[in-house]
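Here's the structure, in structure tokens; my notes come after.
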Number of protein chains: 4
Amino acid sequence: MVADLPRRLVAEALGTAILVATVVGSGIMAAKLTSDVALALLGNTLPTGAILVVLITILGPMSGAHFNPAVTLVFGLRRDISVNAAALYILAQIVGGIVGTLVAHGMFELPLIQISTHARTGSGQWFAEAVAAFGLVFTILAGLRFRSDAIPWLVGLYITAAYWFTASTSFANPAVAIARAFSNTFAGIRPVDLPAFIIAEILGAVVALLLAGWLLAEPKPAPVANPKLKAAE
Amino acid sequence: MVADLPRRLVAEALGTAILVATVVGSGIMAAKLTSDVALALLGNTLPTGAILVVLITILGPMSGAHFNPAVTLVFGLRRDISVNAAALYILAQIVGGIVGTLVAHGMFELPLIQISTHARTGSGQWFAEAVAAFGLVFTILAGLRFRSDAIPWLVGLYITAAYWFTASTSFANPAVAIARAFSNTFAGIRPVDLPAFIIAEILGAVVALLLAGWLLAEPKPAPVANPKLKAAE
Amino acid sequence: MVADLPRRLVAEALGTAILVATVVGSGIMAAKLTSDVALALLGNTLPTGAILVVLITILGPMSGAHFNPAVTLVFGLRRDISVNAAALYILAQIVGGIVGTLVAHGMFELPLIQISTHARTGSGQWFAEAVAAFGLVFTILAGLRFRSDAIPWLVGLYITAAYWFTASTSFANPAVAIARAFSNTFAGIRPVDLPAFIIAEILGAVVALLLAGWLLAEPKPAPVANPKLKAAE
Amino acid sequence: MVADLPRRLVAEALGTAILVATVVGSGIMAAKLTSDVALALLGNTLPTGAILVVLITILGPMSGAHFNPAVTLVFGLRRDISVNAAALYILAQIVGGIVGTLVAHGMFELPLIQISTHARTGSGQWFAEAVAAFGLVFTILAGLRFRSDAIPWLVGLYITAAYWFTASTSFANPAVAIARAFSNTFAGIRPVDLPAFIIAEILGAVVALLLAGWLLAEPKPAPVANPKLKAAE
């Protein structure tokens, strides 16, 4: 990464803000233009997938382009980022996300501060969030292992798919979830439903980290006939 | 490939599971949100194409990312994979696929075990499945010959097209077909319709292998005037 | 190109067949599933764009992946292909295209041989076809000049756009137009409307060739003060 | 850039013409085929995003592929282009854009010259245009810094997203805005609404330039203990 910590934090906040402005803004636009909910979800999905490719490409070299506390947590557990930096990353993501919601509301001339009444709860939703975060984190870790240049596309395409194959439309991101609680529009979520979503996302992320630790391990060197020779190297 | 056989089998099972969870889950989501079947098919197509690009990119370096017994069969006939490994691959794909169906049902709070009543039969459907598998296998073999780095995209885009241009929406995959028989939702298929689908898929795959063997053959060296000189090289 | 002429001709016929099967087949599927014509056109557009990326990637190294007599004509005028080979290419494209229509009909259990009654005529349509072919050929020639590896994507994306921005939905291809005259479905065109379409497509292609000849010309070396010094180099 | 100024200006005019023909033409097509406005916007979005990838790839090496006075202004402020050339670029973009509108009208057999009555005004729209242009210019500048080969994709994907997440459907381009004022169709804008749009776009672009100047700055070399040693290098 080419940047110092303040720039990295601005990159995280800016990226999360644009991501949330896209999720919330395109949801407002889509719901305004059609009464077909599948079409509205499509109008929410394509912009989100597209902007993720853009944001990860242009801000990845700055901050790593996490935009997601669950991802930052995983990199913290891998010791790829210090605890202090991780905490500041997560703060920047949450603040950025909320700013993104305000920007979306401002563009559509809606009250800036809102609280969502959109219920998203139940075991299916929670399981879906765990699956969504599992898939996202596994995609990132396997991408890093084999094709790190492809990660912007991998994440954009993964989320495009996960919007549709998970029952929760794949939040998979605690900072985005918090920001969406401040919007009583298509993309919103009741604050009371946040804790379970966030717990499920973290669980899914950690399971992906554990699986990737085993599945993607570098192959061990071939065993040698005489271990002493090996040790003498 | 960088992995040992157990990891390769887990990669095949995991990839097929996520693929089927996407096919079945996005079908459930789409059918729930709209009554327009073309829109539902679009909501089924885009996630499937997108997740294929992701899965083949991240798991291809592990196992080759077959996720498909017809593809494994073709590589077996080419002697790219041993008979034993191929048999285990196919088993892993079938088990993974069924797990994918269960995961989709769990996320949408549907009964985990279902049997499809969705009839998919008739000469048009069978011909379509043969065409679908022919195109898929030919795409993979020609991709391997000329642009192996592009195969994730080629397969994702091919299936995106084949969902629409084949009358059967292009299953093209016996393991996925079996897994879809366990879901009485948008993506399902009656168990009784499976054998003909699977036979058609295998036929199409084998025809593609034969055609590719001739069409994509490496050009022979230019003939020399005096064969003896050639032999003496 | 790595192949001998028979293989190149088979590649042209196969590619055009799959292209037409996609155009006609996805049109049938889309029109069957929805009464919204914009949605049907979307269900026709996405598969066509996707399959073009695939076909040009996998068959381009064999035959150049023209699949289009207007494109072959342009390469003939540029002396990139001999007159004889060009004539055989065009024949292969037309035969392949008609086979593609038959395959689509077979998959959807429709009468194999049909004659379209879909009127596509008028100055707007003709102008649109000229614009469509102009854009396609210019895209290919500029792509060859600057980013030949990107041509599959450029053509797939160009046609995705041209389906919508031209009044004719951008046939832009005489062989595909002829093949579509044999299908009385969504993608069809009356035989009587073919000649004007084909003339417009050829005109557009030739204008693109002329413009590209000037616009994309290699820059001349900087003038030298004393031509003799230059000549003595 | 490989071209002399006349060719660069033709490239700018041609690219802007095709871009506007796509925006206006696909809007006409979409509005003609469906009464669902979200679907019409989708039929407007996908072609626009796709053609941007194509145009920037094939004309970028000629002229830089600005197609946008706000972008040219930013490059002028960065001293990447002379004032004279910038002025001619902007003129070429405006003329090209208007030609694009005429071409779209011609293809759809509409009166060639029209004046839009489509009101697009209010603080939300203006804020949206500033956000849209900010995001576009920041994407371009960060892309240039880190992944200049990816810029065609970044811009195409960014605009795909911005069509939906901004309340104004993201004109983000004064030349395109002017050209759209000459079309009383789906994509039109009243001439009286142009000045505020253009001012907002320029403001957004300049803010992006300022932010990028700080955020994307090359890291300074590490401080040295003795500045004299440094100075003596």
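How about segment D:1-93: which trypsin sites (Lys or Arg not before Pro) there lie in a loop by DSSP and see at most 16 other Cβ atoms within 10 Å?
Of the trypsin sites (Lys or Arg not before Pro), the ones in loops of segment D:1-93 whose Cβ has at most 16 other Cβ atoms within 10 Å are D:R78, D:R79.
Within 10 Å of each Cβ of B:25-33, how many other protein chain Cβ atoms are there on average?
5
Taking the Cα centre of chain D as origin, sum charge times position over the Cβ atoms of Lys and Arg (+1) and Asp and Glu (-1), and report the length of that vector in debye to the nearest 20.
Computed charge dipole of chain D: roughly 440 debye.
Which order do A:L154, D:L33, B:L91 take by accessible area at a 1.4 Å probe, largest first?
Of A:L154, D:L33, B:L91, the descending order of accessible area is B:L91, D:L33, A:L154.
What nm distances, shortest first, do you get from the label point of A:S35 to those in the other copies when the point sits 7 angstrom along Cα to Cβ?
Here A:S35 shows inter-copy label distances of 1.1, 1.1, 1.5 nm.
About the Cα centre, and with charges only on the beta carbon of Lys, Arg (+1) and Asp, Glu (-1), how big is the dipole of the protein assembly as shown? Nearest 20 debye, please.
About 1380 debye.
What is the set of long-range amide H partners of B:S183 at a cut-off below 5 Å, with H atoms built 1.01 Å from backbone N?
B:S116, B:I189
Return the equivalent ellipsoid semi-axes of segment B:1-90 as a descending list in whole Å, where each equals the square root of 5 times an eigenvalue of the C-alpha gyration tensor.
30, 12, 10
Using a cut-off of under 19 Å, list every residue of segment D:87-130 whose amide N is near the label point 7 Å from the Cα of D:R190 along the Cα-to-beta-carbon line.
D:114-129
Give me the compactness ratio for segment C:36-86, meaning the Cα radius of gyration over 2.2 N^0.38 Å.
Dividing the Cα radius of gyration by 2.2 N^0.38 Å gives 1.51.
With runs of 4+ DSSP H residues as the only contributors, calculate the mean residue ellipticity of chain B at 222 nm using -39,500 (n - 2.57) per run, divided by the residue total and rounded to the nearest 500.
Taking each H run of at least 4 residues, the total per residue is -24000 deg cm²/dmol.
When N counts the residues of the protein assembly as shown, how does its alpha-carbon radius of gyration compare numerically with 2.2 N^0.38 Å, as a ratio?
0.94
With the other protein chains left in place, how much accessible area per residue, in square angstrom, belongs to chain A at a 1.4 angstrom probe?
On a per-residue basis, 37 Å².
Applying the Karplus parametrisation 6.51 cos²θ - 1.76 cosθ + 1.60 with θ = phi - 60° to the phi angles of segment A:191-198, what ³J(HN,Hα) value in whole Hz is obtained for each residue in order, glycine and proline being reported as x?
x, 5, 8, 5, x, 5, 4, 5
Determine, at each q value in 0.11, 0.18 (inverse angstroms), the log₁₀ of I(q)/I(0) that the Debye formula gives when each Cα of segment B:5-218 is one equal point scatterer.
-0.47, -1.33
With a cut-off of 15 Å, note down the residues of segment B:170-201 whose backbone N falls inside the zone around a label point 7 Å from the Cα of B:A119 toward its beta carbon.
Residues passing the 15 Å test: B:189-194.
Place the label 7 angstrom along Cα→C-beta at C:L91 and in each other copy, then list the distances from the first to the rest in nm, shortest first.
Going from nearest to farthest copy, the values are 5.4, 5.4, 7.7 nm.
For segment D:5-218, what's the relative contact order in percent, using C-alpha pairs closer than 8 Å and at least 6 residues apart?
Rounded, it is 30 percent for segment D:5-218.
For segment B:174-190, what does the Karplus curve 6.51 cos²θ - 1.76 cosθ + 1.60, with θ = phi - 60°, yield as ³J(HN,Hα) per residue in whole Hz, taken in order and with x for Gly and Pro?
With coefficients 6.51, -1.76 and 1.60, one gets x, 5, 5, 4, 4, 5, 6, 5, 8, 10, 8, 10, 3, 8, x, 8, 4 Hz.
Excluding residues fewer than 8 places away in the same chain, name every one of the aspartates and glutamates whose C-alpha is closer than 18 Å to that of C:K32.
C:K32 reaches B:D36, C:E109.
Under 17 Å from a point 7 Å along the Cα-to-Cβ line of A:A217: which residues of segment B:1-36 have their amide N that close?
B:2-11
For the interface of chains D and A, what total accessible area is buried with a 1.4 Å probe, rounded to the nearest 100 Å²?
3000
Determine the shielding of peptide B:56-69 by partner chains: average, over its residues, the number of Cβ atoms on other chains within 10 angstrom of each Cβ.
3
Would you tally the net charge around A:T16, using a Cβ to Cβ cut-off of less than 13 Å, leaving A:T16 out, and scoring K and R as +1, D and E as -1?
Computed value for this residue: +1.
Can you give the convex hull volume per residue for the Cα atoms of segment C:143-224, as a whole number of Å³?
115
Taking the simple approach of a point 7 Å from Cα along Cα-to-Cβ for both B:S148 and C:S148, what is their distance in nm?
Between B:S148 and C:S148, the simple spin-label model gives 2.3 nm.
Would you be so kind as to identify which of D:I198, D:W164, D:F75 lies farthest towards the positive end of the dipole of segment D:5-218, taking Lys and Arg as +1 and Asp and Glu as -1 on Cβ and the Cα centre as origin?
Most positive-ward Cα: D:F75.
Using a label position 7 Å from Cα in the Cα→Cβ direction, what is the ascending list of nm distances from A:A119 to the same site in the other copies?
Label-point distances to the other copies, shortest first: 3.9, 3.9, 5.6 nm.
Read phi for every residue in segment C:148-161 and hand back ³J(HN,Hα) as whole Hz from Karplus 6.51 cos²θ - 1.76 cosθ + 1.60, θ = phi - 60°, with x for Gly and Pro.
These are the phi-based 3J(HN,Hα) values: 5, 5, 8, 4, x, 5, 4, 5, x, 6, 4, 5, 3, 5 Hz.
Please name which of A:S183, A:G43, A:A212 has its Cα lying farthest along the dipole of segment A:5-218 towards the positive end, using unit charges on Cβ (Lys, Arg +1; Asp, Glu -1) and the Cα centre as origin.
Of the options given, the answer is A:A212.
The values are calculated or read from the model by the stated rules, or taken from the named source; none is laboratory data. Since we're looking at a predicted model, the values are computed, not measured. Cβ atoms come from the backbone with ideal geometry, glycine included; neighbour counts cover every protein chain shown. The area values use the complete protein model at the heavy-atom level, side chains included, leaving out ligands, DNA and RNA. Shrake-Rupley method; radii C 1.70, N 1.55, O 1.52, S 1.80 Å.
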